[in-house]
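Beneath this line is the structure, given in structure tokens, with notes to follow.
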Amino acid sequence: ILKIHAKGKPLAEDVDLGSVARATSGFTGADLENLLNEAALLTGRRGQRFITEEAIHQSVIKVIAGPEKHSRVVPEAERRLTAYHEAGHAVVMQALPDLDPVHQITIVPRGQAGGMNKIATLTGGRAAEEMMLGDISTGASSDIQRATAIARKMVGTYGMSSRLGNVAFDAGTDEVFIGKSMAHTRPYSEKTAAEMDAEIRAIIDEAYEKCREILARYKTELTAVAEYLLEHETMDGDTFKTYFTQSGESRQ
């Protein structure tokens, strides 16, 4: 699909569409078309003849999270929270198996996304904020809501609970367990609903503790990445990996 949308666009020799494909897993065909168009526009604004890997990478971030908003003045305390939040996501993602590699971390505000919270595990940011700064941001609250929605699907829809068994209680609906319409009849009892809530809580708590263990083990790298972000605002994947190479650690 990338090759189709790249036709007629002058790509530099350093562009590896296979690498771009891996970095854009989950993109639709329209997203990929938008990505290469954005890269072409960026190249034109820079007065360059060929679309480079770096231009494509910048466009990936723009398509995912929206344009950068450098005009926004961010208080230092908020910048520090954001730096540790994003560093926490990235460090947890690096340490856990079977996850895509980190491509870029940034604390520059972008559109409504509020940062690159989607590049890493959802509870890592909150755990890093709490562990390192003793505070929680609204971005962390949003991550927890999304993580809870996933846990709810695991328990209520996909039957991924050893406690409740291989049963789809919600049959794919997106309604929450608590606060459903009075007109809606649940196909399970109040006791089952309470067990489901407890199982959801257990899944979130287990994930959160796992994040805390990882961040404690990689505390040096977490601090270094956050401080780099405070100074430079953005860190690419290669720079991020050097912190783990230097420490002799690798993904486990």
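Derivation of every value follows stated rules applied to the coordinates shown; laboratory data play no part. Not measured: the values here are computed from a predicted model. Glycine also receives a Cβ, built like all others from the backbone with ideal geometry; neighbour counts cover every protein chain displayed.
Which order do peptides 42-51, 125-134 fall in by mean Cβ count within 10 Å, highest first? Please report the intermediate quantities before stating the final value.
On the way: 42-51: 13.3, 125-134: 21.3.
Final packing ranking: 125-134, 42-51.
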Quick one: if you stick a label point 7 Å off each Cα along the C-beta vector at R163 and D14, how many nm between them?
5.1 nm
Using the Karplus curve 6.51 cos²θ - 1.76 cosθ + 1.60 with θ = phi - 60°, work out ³J(HN,Hα) for each residue of region 153-161 in order, rounded to whole Hz, and write x for Gly and Pro.
5, 4, 7, x, 10, 9, x, 9, 9
